[in-house]
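Each remark here refers to the structure printed beneath this line.
The values are calculated or read from the model by the stated rules, or taken from the named source; none is laboratory data. This is a predicted model, so every value here is computed, not measured. No Cβ is skipped: glycine too gets one built from the backbone with ideal geometry, and neighbour counts run over all protein chains shown. The area values use the complete protein model at the heavy-atom level, side chains included, leaving out ligands, DNA and RNA. Shrake-Rupley method; radii C 1.70, N 1.55, O 1.52, S 1.80 Å.
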Amino acid sequence: MGMSGKSLLVGVSGGIAAYKSAELVRSLVKCGASVQVVMTRNATHFITPLTLQVLSEQPVCLDLFDLEAESQIGHIQAARAAELIVVAPATANIIAKMAAGIADDYLTTAILAATAPVLVCPAMNVKMFEHPATQRNLGTLKDLGYHVLDPDVGSMACKEEGAGRLADLSKIMEKIQTLLTTPSLAGLKVLISAGPTWEPFDPVRFITNPSSGKMGFALARVAARRAAEVHLVTGPVSLAPPSEVTLHRVVTAREMQHQIEELAAHMDVIIMSAAVGDYRPSQTAPQKVKKIEGRQEVVLEKNPDILLSLGRARKDSKCRVLVGFAAETENLLENAREKLEKKNLDFIVANNLTQRGSGFATDTNQVKILERSGKILELPFMTKEEVAERIWDHVELFLEAKTP
Ligand code: PMT
């Protein structure tokens, strides 16, 4: 995630989950953000200001009446500088104060003085969270335009079970990234395919490839951050579903084809990053195939080419930008160009599978984007998330060019 140049105010209030704010601050700083931590007095019982000061690389704001820090009306400056305020953890007490507009300490005063978006991450005992007063206060915050990230469900420090655990760090980071991102794909429906397909020849064996789904999931995450309505059709992978994305799980190429055909008519943009099996066993045995003496032969038949069908149906579809991937071990540009033309795509993303750190199951990729005009954009080696950003930037250029 890139947050370089972004200024965030992280408000920490006094609950046991306050210790988790250390990891949040550390992750934000690692992503390049400038983080101003503001603590409530109660939060200092759970985590020391020094810890957060070291991790944020900035003095922590705590005392509204600190003569030195407040000589420049520091709380107003902190409120003005923030592009986003994140209150994590947000206790029932601070939620109630925010809902009522109370400003009786550094954090509540800064929140009231800020015009930046505010993300509230509640964390408290399940009964406190479910109490009608807390629910009413959270409703008020939403009505005021604050963003509320629901707490996780699970076991708590107080030995009770239920909703009230501070949302997982990855969810908080994803929400922060979304709130810092321009919603440039708002109003658009996009479909992304990801992962491998499994083509079974008996109930426990199948033909597949090493696709992990990382590239397709990164494309889905980035599109969701840019506010698109995202449908992710994925073969079997072990990745956590991205938030704000509708996930459609499939197994075989034919299941993927059915699912994509069902959705495609409504989509503005389609990106096929899945590694669809080109062949399937012509027969699937109902029971596990027994070992025999000598050779066992499997006859393969061709799977449908999903992208080829999408390309052929373009004139009757709503799809304005159609993108494919090409995974090659030789003649990268030549093979990719052929697929670009044959499948009637706007552009194709070419992966060199022989290059270290690129292609299947890596966190990084180095790709070339080929357009029908002959133009080639060579991207440097980067994370799959960064590649996804660049692919969506490219899609947006095509959308802009096609807008009358
Ligand atoms: O999932 P990861 O581990 O992150 O790896 C990413 C990736 C290497 C799988 C991905 O970046 C990639 O290159 N995906 C395409 C792999 C592939 O199947 O390429 P291809 O050259 O065989 O197919 C060309 C295009 O046609 C692809 O967009 C593919 O989705 C599509 N296709 C292929 C076969 C088929 N029967 N139907 C299709 O729609």
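Some observations on this one:
- Checked against the criterion of being buried (at least 23 other Cβ atoms within 10 Å of the Cβ) and in contact with a strand residue (DSSP E or B) (Cβ under 6 Å, 6 or more places away or on another chain), the candidates Ala88, Ala116 yield just one match: Ala88.
So that you can scan it fast, the table gives a plain yes or no per residue for (1) at pLDDT below 95; (2) open to solvent by 60 Å² or more (accessible area, probe 1.4 Å); (3) out of contact with any Phe, Trp or Tyr (no Cβ under 9 Å at 6 or more places or on another chain); (4) hydrophobic (A, V, I, L, M, F, W, C):
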| residue | (1), (2), (3), (4) |
| --- | --- |
| Ile94 | no, no, yes, yes |
| Leu107 | no, no, yes, yes |
| Ala123 | no, no, no, yes |
| Arg136 | no, yes, yes, no |
| Gly145 | no, no, yes, no |
| Val153 | no, yes, yes, yes |
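Residue by residue, here is whether (1) open to solvent by 50 Å² or more (accessible area, probe 1.4 Å); (2) within 12 Å of Pro89 (Cα to Cα); (3) at pLDDT below 95; (4) not in a strand (DSSP E or B) holds:
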{"residue": "Met3", "(1), (2), (3), (4)": "no, no, yes, yes"}
{"residue": "Leu9", "(1), (2), (3), (4)": "no, no, no, no"}
{"residue": "Tyr19", "(1), (2), (3), (4)": "yes, yes, no, yes"}
{"residue": "Ala22", "(1), (2), (3), (4)": "no, yes, no, yes"}
{"residue": "Arg26", "(1), (2), (3), (4)": "yes, no, no, yes"}
{"residue": "Gly32", "(1), (2), (3), (4)": "no, no, no, yes"}
{"residue": "Ala43", "(1), (2), (3), (4)": "no, yes, no, yes"}
{"residue": "Leu50", "(1), (2), (3), (4)": "yes, no, no, yes"}
{"residue": "Val54", "(1), (2), (3), (4)": "yes, no, no, yes"}
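- Residue pairs meeting the criteria (Cβ under 9 Å; at least 6 apart or on separate chains; first under 30 Å from Glu301 (Cα atoms), in the range 177-199; second more than 16 Å from the ligand (Cβ to nearest atom) and open to solvent by 30 Å² or more (accessible area, probe 1.4 Å)): Leu191/His266; Glu199/Thr284
- For the range 371-404, the candidate set comprises residues that are in a helix (DSSP H, G or I) and among the small types (Gly, Ala, Ser); within that set, the residue that is nearest to the ligand (Cβ to nearest atom) is Ala388.
- Sole exception among (1) open to solvent by 50 Å² or more (accessible area, probe 1.4 Å); (2) within 12 Å of the ligand (Cβ to nearest atom); (3) not in a loop (DSSP other than H, G, I, E, B) for Asn351, by number: (1)
- Any hit, the range 260-281, residues being among the small types (Gly, Ala, Ser), assigned to a strand (DSSP E or B) and modelled with pLDDT of 95 or more: yes
- Flag if Leu64 is of a type outside the set (Phe, Trp, Tyr), assigned to a loop (DSSP other than H, G, I, E, B) and either open to solvent by less than 20 Å² (accessible area, probe 1.4 Å) or outside the structural domain of Thr364 (by TED's automatic domain parsing) (or both): yes
- Test set (1) under 21 Å from Leu219 (Cα atoms); (2) open to solvent by 50 Å² or more (accessible area, probe 1.4 Å); (3) within 15 Å of the ligand (Cβ to nearest atom); (4) in a loop (DSSP other than H, G, I, E, B) - Lys368 fails condition number: (4)
- A Cβ distance below 6 Å, combined with a sequence gap of six or more or placement on separate chains, defines the contacts here; from the range 227-243, residues that are more than 18 Å from Thr362 (Cβ to Cβ) reach residues that are open to solvent by less than 50 Å² (accessible area, probe 1.4 Å) and among the β-branched types (Val, Ile, Thr) in the pairs Ala228/Val190; Val230/Val190; Val230/Val245; Leu232/Ile192; Leu232/Val245; Val233/Ile260.
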